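Please read the structure below before turning to the comments.
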Amino acid sequence: MAKLVGLRQLLQVGITADTELRTPRVNQLLVAPSLVGQLLLGAELTGVALTMARLAGIALIGLGVACWLGPPRSGMLTYGAVVTLYLAYVGLAGGLAGILLWPAVVVHVVLMLLLIRASAGGKETKCGGQSAL
């Protein structure tokens, strides 16, 4: 019976992750965040809100990858790589650079390197008390 409950939970998480990754909302958060703001909140997103909306879209993609495509580490690597590149792009080309932008980029690079090192070790991770696939 415990295996059936575990399988049911795995299917629910997989279906949820698949839905999150396939919905236009995630893609639009990255490509047209202002449209998502208009449709969801009734207001157009401008300025730094566009950057924050794109970061939210990146986080949703990382969550979907973690739950759908493999162990949580793969989702964290996806999120870390994309958010690092995006924050660096924002700092270099976007003209936005608060005092914590570059330290955040460095922290994400370090975290990615630690995740890559852990992946190379081949250790199985646990997620919510269950073995990760």
Is region 11-33 home to any residue that is part of a helix (DSSP H, G or I), buried (at least 16 other Cβ atoms within 10 Å of the Cβ) and modelled with pLDDT of 80 or more?
yes
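Out of Gly47, Gly80, Gly121, which single residue is at pLDDT below 85, of a type outside the set (Asp, Glu) and either out of contact with any strand residue (DSSP E or B) (no Cβ under 7 Å at 6 or more places or on another chain) or buried (at least 19 other Cβ atoms within 10 Å of the Cβ) (or both)? Reasoning before the result, please.
Working: Gly47 fails: at pLDDT below 85; Gly80 fails: at pLDDT below 85.
Just a single option satisfies the conditions, and that option is Gly121.
Take Tyr86 and tell me if it is under 23 Å from Arg117 (Cα atoms), at pLDDT 80 or above, of a type outside the set (Val, Ile, Thr) and surrounded by 21 or more Cβ atoms within 10 Å (Cβ to Cβ). Steps first, please.
On the way: under 23 Å from Arg117 (Cα atoms): yes; at pLDDT 80 or above: yes; of a type outside the set (Val, Ile, Thr): yes; surrounded by 21 or more Cβ atoms within 10 Å (Cβ to Cβ): no.
Against the criterion (under 23 Å from Arg117 (Cα atoms), at pLDDT 80 or above, of a type outside the set (Val, Ile, Thr) and surrounded by 21 or more Cβ atoms within 10 Å (Cβ to Cβ)), Tyr86 does not qualify.
Based on this model, can you work out whether Gly95 counts as in a loop (DSSP other than H, G, I, E, B), farther than 17 Å from Leu30 by Cβ and not aliphatic (A, V, I, L, M)?
On the way: in a loop (DSSP other than H, G, I, E, B): yes; farther than 17 Å from Leu30 by Cβ: yes; not aliphatic (A, V, I, L, M): yes.
When the stated conditions are applied, Gly95 passes them.
The values are calculated or read from the model by the stated rules, or taken from the named source; none is laboratory data. On a predicted model such as this, the values are computed, not experimentally measured, just so you know. Cβ coordinates were reconstructed from backbone atoms using ideal geometry, including for glycine residues, and neighbour counts include every protein chain displayed.
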